[in-house]
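Okay, so here's the structure we're looking at.
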Amino acid sequence: MRDYVEIGIGREARNTYRLSDLNLVPNRRTRSSKDVDVTWHIDAYSFDIPVASHPTDSLAGPEFVTAMAAAGGLAVINAEGLWGRHADLDAALNSVVEAARKDPREATRRLQELHSAPIDTELLADRLAEVRASDATVAVRVSPQHALELAPALIKAGAELLFIQGTIISAEHVAKGGNPINLKEFIGSLDVPVVAGGVYGYSTAMHLMRAGAAGVIVGGGDNTSQAALGIDAPMATAIADANAARREYLDETGGRYVHIIADGELGQSGDIAKAIACGADAVMLGAPLAAATEAATPGFYWQASAAHPRFPRGQVDELFDETASLQTILHGPSSDPWGQQNLVGGLRRSMAKCGYTDLKSFQKVELSVH
């Protein structure tokens, strides 16, 4: 039963929960972490670990994409980022980092300048072809505003998974004076699976499922929307609400399963475990992967929304002064006691201690609020 409180005469608000508000409760037999299966299958694609990277240029350089595939995960490329705007990608990224070392606001202005260059679809296609040649799954992100114009070229260039992703998304994006995108019609016209989000509750998750999305992203990553727009959704409740929508949609369709990908409040391995316990099938990691030596700007991180030309919701941050290999961050071994490295190993151990050997059954683990 949903819990509402009165915040004033005639106005109520719902009590919601963040992942940090929850604990997992082991109440079954324990198992060996070696017996735990964390493989993730979405549509025709299989991954050894349930981890995708947030689509940002600060992570997904060519080296990172191949390293992520080697580690068993999925790297998502921002098709509206710098890959298709600047032939010298390294120089563009280095200029952002240098600006950030002086002043984060200067770095935001530099990002906006770099993103003001037009997208060269041929340059973008050439770079996607290099990813395809490496045998990594080619996953690309577009915004709802530019999906209609960019998606055909991306798919022609070899995109295998299309992420239609913004900080906030609905099943129908309407722009005054522009062409609205009806996701149900659009997704139905494509030959590749579509993952869409971020969503913040039951209704929008259900809309995207009914629109034909193979996966729904819950949350908008770690951005400044709460401060800038007053919009926020504690992830534990948001994931659980999306999971409720999935159960209803599963019954409605007679068995069509839509994957839930959590994107937000994910800084440590315990957060990943709790997100899956709330109903997620996989997680989308951003800042935790910025410590990887293979990241495009090791130690520095920003989201795609940080480059918005009029209202950025995120900034360029130096998060780590020490880096480690992506393999260490995801699989260890590690000497970090706080769950910021060996993230997948932490998930495996959490599942084993609670008595579960696969991700789907782990969604039934008992939870407590503290």
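The values are calculated or read from the model by the stated rules, or taken from the named source; none is laboratory data. Just so it is clear, the structure is predicted and the values come from calculations on it, not from any experiment. So basically every Cβ, Gly included, is an ideal-geometry build from the backbone, and we count neighbours across all protein chains shown. Only protein heavy atoms, including side chains, enter the accessible area calculation; ligands, DNA and RNA are left aside. Shrake-Rupley method; radii C 1.70, N 1.55, O 1.52, S 1.80 Å.
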- Message: Residues of the range 266-285 with the amide nitrogen closer than 18 Å to a label point 7 Å from the Cα of N27, along Cα-to-Cβ, please.
- Response: 274, 277-279
- Using only Cα positions of the range 262-315, each an equal point scatterer, no hydration layer, compute I(q)/I(0) via Debye at q = 0.24, 0.25, 0.27 Å⁻¹ and quote the log10 values to two decimals. -0.94, -0.96, -1.01
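Using a 1.4 Å probe on the protein chains only, how many percent of the accessible area of the chain belongs to carbon and sulfur?
C and S fraction of accessible area: 47 percent.
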- Which order, highest average first, do 235-245, 353-363 follow once you tally other Cβ atoms within 10 Å for each residue and take the mean per peptide? 235-245, 353-363
- Item | FRET efficiency, A70 to I9 (Cβ-Cβ, R0 56 Å, nearest 0.05) | 0.45
- Message: Quick test of the membrane-span-like rule: which DSSP H helices of the chain reach at least 20 Å along their long axis (C-alpha atoms) with mean Kyte hydropathy at least 0.0?
- Response: 89-102
- What dipole magnitude, in Debye to the nearest 20, does the chain give about its Cα centre under +1 on Lys/Arg Cβ and -1 on Asp/Glu Cβ? 960
- Averaged per residue, the 1.4 Å probe accessible area of the chain, protein heavy atoms only, in Å², is roughly 45
- Using a ≥ b ≥ c from the Cα gyration tensor of the range 180-265 (square roots of the eigenvalues), is it rounded, prolate or oblate, where a/c under 1.5 gives rounded and otherwise the larger of a/b and b/c decides, a/b for prolate? oblate
- Query: How large is Rg over Rh for the chain, taking Rg from the Cα atoms and Rh as the Kirkwood inverse mean of 1/r across Cα pairs?
  - Reply: 0.95
- Message: Please give the Cα centre distance for the range 336-370 versus the range 44-93, rounded to the nearest Å.
- Response: 26
- The alpha-carbon center of the range 106-124 and that of the range 255-322 are separated, in whole Å, by 21
- Item | FRET E, pair H370, N182, Förster distance 41 Å, beta-carbon r, rounded to 0.05 | 0.40
- Could you tell me which of rounded, prolate or oblate describes the range 278-370, using a ≥ b ≥ c as the square roots of the eigenvalues of the alpha-carbon gyration tensor, with rounded for a/c under 1.5 and, failing that, prolate when a/b is larger than b/c and oblate otherwise? oblate
- Residues of type lysines that K274 reaches as a straight line, Cα spacing below 19 Å, ignoring anything fewer than 8 places off in the same chain: K353, K360, K364
- Would you mind classifying the range 1-121 by shape? Square roots of the alpha carbon gyration tensor eigenvalues, ordered a ≥ b ≥ c; an a/c under 1.5 is rounded, otherwise it is prolate if a/b is larger than b/c and oblate if not. oblate
- Item | Nitroxide proxy distance, nm - points 7 Å out along Cα→Cβ at N94 and R109 | 2.2
